[in-house]
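Quick notes on the structure that follows.
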Amino acid sequence: MASSKQQMHVLAVDDNSVDRAVISRILRSSKHKVTAVDSAQRALDLLGLEPDVNMIITDYWMPDMTGFDLLKRVKESSVLKEIPVVIMSSENVPSRITRCLEEGAEDFLLKPVRPADVSRLCTRMMMR
Amino acid sequence: MQELKRSFADLKYSIAREKILNEVFDQLYEEGYDFASETITLFHSEAEKSLTELTARLDQEIVNFHMLEVVINRLKGSGLIIGAARLADACLTMATYCDASNKQGCVVSLNHVKEEYQLLMSKIESIRKLENEIIAAGGSI
């Protein structure tokens with residue numbers, strides 16, 4: 001691609017409303033478009049409708065479908081697999097981190113997520 | 001004003017020393033006072049809902065420990081977002097009991113979570129009160 005986009009459309013997935021509000025705020029203050037949903041299923045429904053998502057950032061631990069399950073579903077889909085997926089977790093479990101990265105996660109962020117972590121991530125994404 | 005700011009600094013210092021809130025709380029303010037304030041309000045309402053749900057679930061004849069663990073982890077996550085270190089630790093203890101399906105352990109640890117939450121909210125109230133006084137006196141946070 002010739003030029004890098006300045007604005008990304010990020011899909012934020014987290015069952016915790018406080019986390020959703022914080023991650024959305026951080027992304028919006030860097031001028032990105034954010035769609036925030038409270039479950040992996042809703043994320044998949046949305047991805048089926050709106051293919052212009054540039055990055056998915058998801059909590060690991062969610063009831064029903066975890067962020068890891070969402071990651072697998074995205075990577076298994078021919079339509080969605082190129083979308084980078086970032087996993088967030090409040091627990092630093094090395095085996096979990098490795099498993100996510102091996103499954104194709106772009107990155108793994110420890111919560112609480114700092115604005116600096118997110119802007120570093122977005123900068124990297126936009127340079128692809 | 002100096003008096004107010006000194007009281008404010010002392011309050012923040014004692015809260016940090018007791019590890020009720022850590023540096024993550026201060027980092028919220030880097031995104032702006034309104035953002036910090038909104039996040040704290042959101043935390044408060046989310047926490048109240050979680051605590052109500054946890055109490056109700058533990059009151060049941062047959063306890064669904066998996067759902068209990070989901071809710072306590074959610075509360076832990078919310079706590080971490082605002083830097084409520086001690087609350088998050090109390091939640092982690094309860095999560096361990098949930099994982100072991102230990103009802104008695106859950107009951108005792110939930111009481112501890114509630115105590116930490118009450119303590120946290122009273123400190124946050126004190127912080128807000130002083131912040132409002134500083135702002136009313138023409139200062140800024």
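No lab work stands behind these numbers, since they all come straight from the coordinates. Predicted, not measured: the structure shown is a model, and the values here were computed from it. Backbone-built Cβ (ideal geometry, glycine too); neighbour counts: all protein chains shown.
Values for this structure:
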| read-out | value |
| --- | --- |
| Region B:57-103 - Debye-derived log10 I(q)/I(0), Cα point model, q = 0.14 Å⁻¹ | -0.32 |
| Calculated [θ] (222 nm, deg cm²/dmol) that DSSP helices of n ≥ 4 give over chain A, each run adding -39,500 (n - 2.57) | -12500 deg cm²/dmol |
| Neighbour-count ranking [beta-carbon atoms within 10 angstrom, fewest first] of A:Lys81, A:Lys111 | A:Lys81, A:Lys111 |
| Under Karplus coefficients 6.51, -1.76 and 1.60, residue-wise ³J(HN,Hα) of region B:7-16 in Hz, glycine/proline x | 4, 4, 4, 4, 4, 4, 5, 5, 5, 5 |
| Integer Hz, Karplus 6.51/-1.76/1.60 couplings in order for region A:76-81, x for Gly and Pro | 7, 8, 5, 6, 9, 4 |
| Residue among A:Gly104, A:Gly48, A:Gly67 with the largest mean-square fluctuation in a Gaussian network model of chain A, springs linking Cα atoms under 10 Å | A:Gly48 |
| Cα gyration tensor category, rounded, prolate or oblate, for region A:58-123 with a/c compared to 1.5 | oblate |
| Within region B:48-88, GluC sites (Glu not before Pro) in DSSP loop having at most 14 other beta-carbon neighbours inside 10 Å | B:Glu61 |
| Inter-site label distance for B:Tyr33 and B:Gln104 at 7 Å from Cα along Cβ, in nm | 5.1 nm |
| Chain A, relative contact order [Cα under 8 Å, separation at least 6], % | 24 percent |
| Residues B:Thr93, B:Thr52 arranged by fewest to most Cβ contacts within 10 Å | B:Thr52, B:Thr93 |
| Protection proxy ranking of B:38-46, B:23-31 - average other beta-carbon atoms within 10 Å, highest first | B:38-46, B:23-31 |
| Gap separating the Cα centres of region A:31-91 and region B:25-66, nearest whole Å | 24 Å |
| Per-residue mean of C-beta atoms belonging to partner chains within 10 Å, peptide B:70-80 | 5 |
| Cβ-Cβ FRET estimate between A:Asp52 and B:Ile135, R0 fixed at 25 Å, reported to 0.05 | 0.05 |
| Simple label model, 7 Å out from Cα along Cβ direction - A:Glu102 to B:Ser126, nm | 4.9 nm |
| C-alpha long axis of helix B:65-81 to longest principal axis of chain B, angle in ° | 10 degrees |
| Contact order relative to length of chain B, as percent, for alpha carbon pairs under 8 angstrom and 6 or more apart | 30 percent |
| Stokes-Einstein translational diffusion, the protein assembly as shown - Kirkwood Rh over all Cα pairs, 1.567 mPa s, 4 °C, in µm²/s | 65 µm²/s |
| Calculated [θ] (222 nm, deg cm²/dmol) that DSSP helices of n ≥ 4 give over chain B, each run adding -39,500 (n - 2.57) | -27500 deg cm²/dmol |
| Backbone HN-Hα couplings from phi across region A:29-40 [Karplus 6.51/-1.76/1.60, Hz, Gly and Pro as x] | 6, 9, 6, 8, 7, 10, 10, 10, 10, 9, 7, 5 |
| Per-residue average of Cβ from other chains inside 10 Å of A:105-118 | 2 |
